[in-house]
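As structure tokens, the structure follows; a few thoughts come after it.
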Amino acid sequence: MKLQMHSIHFDADTQLTEFVTQKVNKLETFYDRIVEGEVFLKHNNSDGNDTKT
């Protein structure tokens, strides 16, 4: 599967991108016709704390 990953307003580290890739690849067990996907990662800073969750 071709996967495009975009992190908005922060740089995603390799551990996060590998985790997302692993979870998205599980979709192929349910839907065998998925050819490509696009993931947008956005930092949620609504609580005023500057940590990524």
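The values are calculated or read from the model by the stated rules, or taken from the named source; none is laboratory data. Note that this is a predicted model, so its numbers are computed, not measured. When we count neighbours, we look across all protein chains shown, and the Cβ atoms used for this are built from the backbone with ideal geometry, even at glycine.
Points to keep in mind about this one:
- Flag for residue 27 being in contact with a Gly (Cβ under 9 Å, 6 or more places away or on another chain) and modelled with pLDDT of 90 or more: yes
- Subset of the stretch 30-48 (residues that are modelled with pLDDT under 90 and within 17 Å of residue 9 (Cα to Cα)): 43, 44, 45, 46, 47, 48
- Residues within the stretch 4-18 that are loosely packed, with under 15 Cβ neighbours inside 10 Å and over 11 Å from residue 42 (Cβ atoms), tallied: 6
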